[in-house]
Each structure stands twice: as C-alpha cells, then as structure tokens.
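The block underneath contains the structure these notes are about, expressed in structure tokens.
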Amino acid sequence: MKKIALVYTATTEAMSAYLLDRIHALMGGEVQVTAYADESILQEVLRAGKITPSAARKLLELYLQAMRDGADGILNVCSSVGEAADAMEALNAFTATPVIRIDAHMCACAAREQSGMAIAATFPTALESTRRKLLDAAQKQGKTLFIQDILLQGGFGSSSLYDSLLKAVSTLRPMPSALVLCQASMALEASRLQSALQIPVYASPDYGIAQLKKALCD
C-alpha cells in the first residue's frame, strides 16, 4: 500500500474530501492518505506577498515530517508556495519521497495546448505563482502566452465562488479561449464552469495526482 502525504496551508472540508476522492479514483483504493497542514504558512506568505524564509522552513518541516512518517510521495497542494515545492525537485532523485507541486503538470499542459487564457485565484500569491509557472512552461516550449488575470479576493471557500468566476470570465475582453484555476480548491467548480463557458477549464488536482502516480511508478 502506497502512503501519500497531502501538504496544505489552507483547506476546506469539501476540498479535502474532493482530493481524497480523486486520489482513490486515479490511484486505486490501496492508498493511505495523510494530511499535513500549517495555516500560518499561508498567512505569512499573504502578508509578505512572497514566500519568506520562515514560511519556507515551516513548509520544509511538513515535508520532512511526512518523510519521517513513511510517506512514499508528497503532494504540495498550496499554489501560493508552489515555488518552494519546485525547489524540492532537485532532491527528488536522491530521496525515496518525491515532492510534487500539484499544479506543475497542469501549467505545462495548458501552456502547450493554449496560446492565451484567463487565470483565476482568490489569493494574489496563488495568481502570481501560477502565472510565473505558466510563463516558464511556455518559454521552455518556445511559446508566448497571453494571460488575463482574475483575482477574487475573499472568495476562498465561498459558496458564491462559481457565480463570481462565471461573471468575471464573461466580462473579460477579449473573451479567453481557456480558463486556468490557480487553486486546487477551485476544482470543485471546474466542470460547471466548463459547461457554462464552453471553453477548456484547467484544474490542478487530477494533473498533480497523475504526476505523483507517475513519480511513484518510475
């Protein structure tokens, strides 16, 4: 049985349940999932507008604790600290526990498949981190991306997030040809948004879980 660690800096009950369901759906039932969380990390990052040394140390301690507890793989769920998870890539080859940034593969696929898109987040740090990841992926592929930003501050966990996202995307000019949801929590609305907007909607959980599964099989 594989042991998977989910590292959060903020979550909701619905989001945690959704991720657990998707892990079992994509990786099979023989998976043990343990969550690790420290909400002070996100609060510190939001106050500073960037990943601080203190926040990075706290995040690293969550990774190390998961490793000490026997995790076979770690999924970093928070996109606001995604670049700290990126920094772990160099160590993945030397440890028995790969650390996967949940939105890394999503950004690579969106950059490859689209030339322009809107990106949406409820935290400015998540918006900025995702934009940098998309632009980096596009640069590696020799492409240029046109990106429109949607920031819905205060929308994390809100029951009105779908309506707010739908309105925000619908009022963009030009109308985007795709939508990237910067935070894993937004994946709960991805299917409805795609049906309503009739454009591709990218959400990170399935991409991140698939990448983690591949890392565990390699």
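Read the figures in this text as sums done on the coordinates, not as results from a lab. Just so you know, these numbers come straight off a predicted model, no measurement behind them. Cβ atoms come from the backbone with ideal geometry, glycine included; neighbour counts cover every protein chain shown.
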**Backbone HN-Hα couplings from phi across segment 183-195 [Karplus 6.51/-1.76/1.60, Hz, Gly and Pro as x]** = 10, 4, 4, 6, 4, 4, 9, 4, 5, 5, 5, 5, 5
**Request:** Take the alpha carbon atoms of segment 138-156, find their center, do the same for segment 166-191, and report the distance between the two centers in whole angstrom.
**Result:** 11
**Placed amide H near Ala35: partners under 5 Å, 5+ positions off or other chain** = Leu6
**Fill in**
Mean Cβ-within-10 Å packing, highest first, puts peptides 66-78, 192-204, 3-15 in the order 66-78, 3-15, 192-204
**Asked** Hey, can you rank 101-110, 23-32 by average C-beta count inside 10 Å, highest first?
**Response** 101-110, 23-32
**Prompt:** Ranked by Cβ crowding within 10 angstrom, fewest neighbours first, how are Leu42, Leu151 ordered?
**Reply:** Leu151, Leu42
**Item:** Summed side-chain charge close to Ile150 - residues other than Ile150 whose Cβ falls under 14 Å, Lys, Arg +1, Asp, Glu -1
**Value:** -1
